[in-house]
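**Q** Attaching a single structure in structure tokens format; questions to follow.
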Amino acid sequence: MSNKFKILVIEDDRSIRTFTKTVLETNDYQVITAETCESGIMMFSSYRPDLVLLDLGLPDRDGLDFIRTVRNDQHATAPILVLSARTTEHDKVDALDLGANDYITKPFGTAELLARVRAALRVSQSSFNPLHTSDGKFSLHDLTIDYERRLVSIAGEEVKLTQTEYNILIFLAKHPGKVLTYAMIIHEIWGPSDDGGVKKLQVNMANLRKKLGIKPGDNRYITNELGVGYRLNEGS
Ligand code: CA
């Protein structure tokens, strides 16, 4: 019997599939593989993996179909990491909006693959937010959020945020390490029927980052995933 994490790799490119399988097995994961979307869906329901690595360009169907099918089953919560070689941000956004948890852009190395897999498993295995302290606050480096008092501070100094900026920060803080697309954040903050939301979000985000002391191009606390969305950086 083994209690290793089981990872399903769906990838038609033989060299990437072999590389990924070897890296994961070397690091004590159990790996099963599929080369088509159809067989990936079958293996997912038969083996119930703990995590899926998914190529989007599959020979039979689009990898996005896999995400759609699997996310229809609300008990199938295993994280899905998309392996994307596509240059447009569009596919990543579609994948995330359909319920993928993260993406890794090809070509990727061993360290990046393992870091993303570990992070996704850590979040999915824990019902607790890893960045929440025992007294119910949020803490990341010198940034603290006191939910009860709705107070944000950096190194003990209060940061005055607008209601919207606070709500955006809280939403990101709820999903550490996960890329949240523009559409997800806009839906959460302004509701389902908001036009021109991206511009509004970018303006609020720019102000929020400035107040948190994040300079342009700097990724402290929050990474700007250009053309896709924003990610709250987990403490490393
Ligand atoms: Ca492919």
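The values are calculated or read from the model by the stated rules, or taken from the named source; none is laboratory data. As the structure is a computational prediction, the values presented were derived from the model and not from experiment. Cβ sites come from the backbone with ideal geometry, for glycine too, and all protein chains shown count toward neighbours. Accessible surface areas use protein heavy atoms only, side chains included; no ligands, DNA or RNA. Shrake-Rupley method; radii C 1.70, N 1.55, O 1.52, S 1.80 Å.
**Q** If Ile154 passes every condition in (1) of a type in the set (Val, Ile, Thr); (2) under 24 Å from the mean Cα position of the chain (by Cα); (3) open to solvent by less than 50 Å² (accessible area, probe 1.4 Å) but one, which one does it miss?
**A** The failed condition is (2).
**Q** Ok, one more. For residues that are in a loop (DSSP other than H, G, I, E, B) and within 12 Å of the ligand (Cβ to nearest atom), scanning just region 55-74, find the one that is surrounded by the fewest Cβ atoms within 10 Å (Cβ to Cβ).
**A** Result: Pro59.
**Q** Got a sec? Which of Glu11, Glu38 is in contact with a helix residue (DSSP H, G or I) (Cβ under 6 Å, 6 or more places away or on another chain) and at pLDDT 95 or above?
**A** Of Glu11, Glu38, the one residue that is in contact with a helix residue (DSSP H, G or I) (Cβ under 6 Å, 6 or more places away or on another chain) and at pLDDT 95 or above is Glu11.
**Q** For residues that are touching a Leu at 6+ places or on another chain (Cβ under 8 Å), open to solvent by less than 20 Å² (accessible area, probe 1.4 Å) and part of a loop (DSSP other than H, G, I, E, B), tally how many sit in region 75-126.
**A** Looking only at that region, the number is 3.
**Q** Do we find that Ser46 is within 16 Å of the ligand (Cβ to nearest atom) and not charged (D, E, K, R) in this structure?
**A** No.
**Q** Condition check: surrounded by fewer than 19 Cβ atoms within 10 Å (Cβ to Cβ), over 24 Å from Thr105 (Cα atoms) and not small (Gly, Ala, Ser). Does His175 satisfy that?
**A** No: the conditions fail for His175.
**Q** I need the full set of residues from region 166-184 which are of a type outside the set (A, V, I, L, M, F, W, C) and in contact with a strand residue (DSSP E or B) (Cβ under 9 Å, 6 or more places away or on another chain), in order please. Write out each step before concluding.
**A** Quick first cut of region 166-184, residues of a type outside the set (A, V, I, L, M, F, W, C) only: 166-167, 174-178, 181-182.
Matches in region 166-184: Tyr166, Lys174, His175, Pro176, Gly177, Lys178, Thr181, Tyr182.
**Q** Just to verify a result, which residue in region 134-172, among those that are among the acidic types (Asp, Glu) and closer than 20 Å to Thr223 by Cβ, is modelled with the lowest pLDDT?
**A** Among them, the one singled out is Asp142.
**Q** Within region 1-43, which residues are hydroxyl-bearing (Ser, Thr, Tyr), part of a helix (DSSP H, G or I), within 12 Å of the ligand (Cβ to nearest atom) and open to solvent by less than 70 Å² (accessible area, probe 1.4 Å)?
**A** Those that are hydroxyl-bearing (Ser, Thr, Tyr), part of a helix (DSSP H, G or I), within 12 Å of the ligand (Cβ to nearest atom) and open to solvent by less than 70 Å² (accessible area, probe 1.4 Å): none in region 1-43.
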